[in-house]
Amino acid sequence: MGALSRPGSLLIRTLSDIREDGPVSILLVVSLGWFLTLGVRIVYPALLPQVTAEFGVSNATTGAFVGLLWTTYALLQFPGGAIADVVGERLVLTGSILLSAGAVGVIVLSSTVETFVLATVLLGLGTGLFGTTRLTVISALFDRMRTTAISVNQAAGNVGNVVLSASAGFVSVYLGWRWGFGFLLPVLLACSIGLWIALPRRAST
């Protein structure tokens, strides 16, 4: 019985240590943002077959959509950190989620493949702003439990990969691919509000 309770005791102690070391509310909302920004990109493969059918494009073209999304995401890693140094992490992280929400909205309303591609680029730009800056926030606000806090945040993104792709696939079966993207929109908007309220202008202050 003692052996069985040991992992539970360790978890409780770890959560208590995190709470004492830094603001848990910020860790949670930043982790939600990472859950969404990482997960929304993995939604694409689940929905692309339906997108391909509606727009009448080849599998190679839809594969290029995914490549475009990840390329624009990668290109924003450095600028995202540099912009945060100038305007502060709160504006960058909130702006990242709002831009991602706007991109999802355009995807839902897109009537041409060109509009879909433009929205894909915007989504890559929006999610790319989040990746680096989330780590600077956590590193600045947590000290002794910094590595654990980063691990929690990273795990949230991995969970997002699984949960959002599966959820989008399920929704699209009954409501179509647009709803497979669209159900994320209110969650993204709620997250942006949470980030703006919870974060200081600069994490170092």
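Each reported figure results from applying straightforward, stated rules to the coordinates on display, with no laboratory input. Computed from a prediction, not measured in an experiment: that's the story for all the values here. Heads up, the Cβs are rebuilt from the backbone with ideal geometry, glycines too, and the neighbour counts pull from every protein chain shown.
Numbers for the structure displayed
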quantity: Cα long-axis angle, helix 89-109 against the chain (0 to 90 degrees, to the nearest 10); calculated: 30 degrees
quantity: Difference of contour (0.36 nm per residue) and Cα-Cα distance, L118 to R144; calculated: 5.1 nm
quantity: Where trypsin sites (Lys or Arg not before Pro) in DSSP loops with at most 14 other Cβ within 10 Å are excluded, longest remaining stretch of the chain; calculated: 1-143
quantity: Debye log10 I(q)/I(0) at q = 0.15, 0.20, 0.29 Å⁻¹ for the range 39-100, Cα point scatterers; calculated: -0.59, -0.81, -1.19
quantity: Nearest 10 degrees, 0 to 90: helix 77-87 Cα axis against the chain principal axis; calculated: 60 degrees
quantity: Charge dipole magnitude, Cβ of K and R +1, D and E -1 - the range 2-198, Cα centre, debye nearest 20; calculated: 320 debye
quantity: C-alpha long axis of helix 2-21 to longest principal axis of the chain, angle in °; calculated: 90 degrees
quantity: Rg(Cα) / (2.2 N^0.38 Å) computed for the range 74-165, rounded to two decimals; calculated: 1.21
quantity: At 1.306 mPa s and 10 °C, Stokes diffusion of the chain via Kirkwood alpha-carbon radius, µm² per second; calculated: 89 µm²/s
quantity: Taking the range 2-198 and dividing mean pair separation by its residue count, relative contact order in percent (alpha carbons under 8 Å, at least six apart); calculated: 38 percent
quantity: Residue exposure sequence - F142, F130 - by fewest surrounding Cβ within 10 Å; calculated: F142, F130
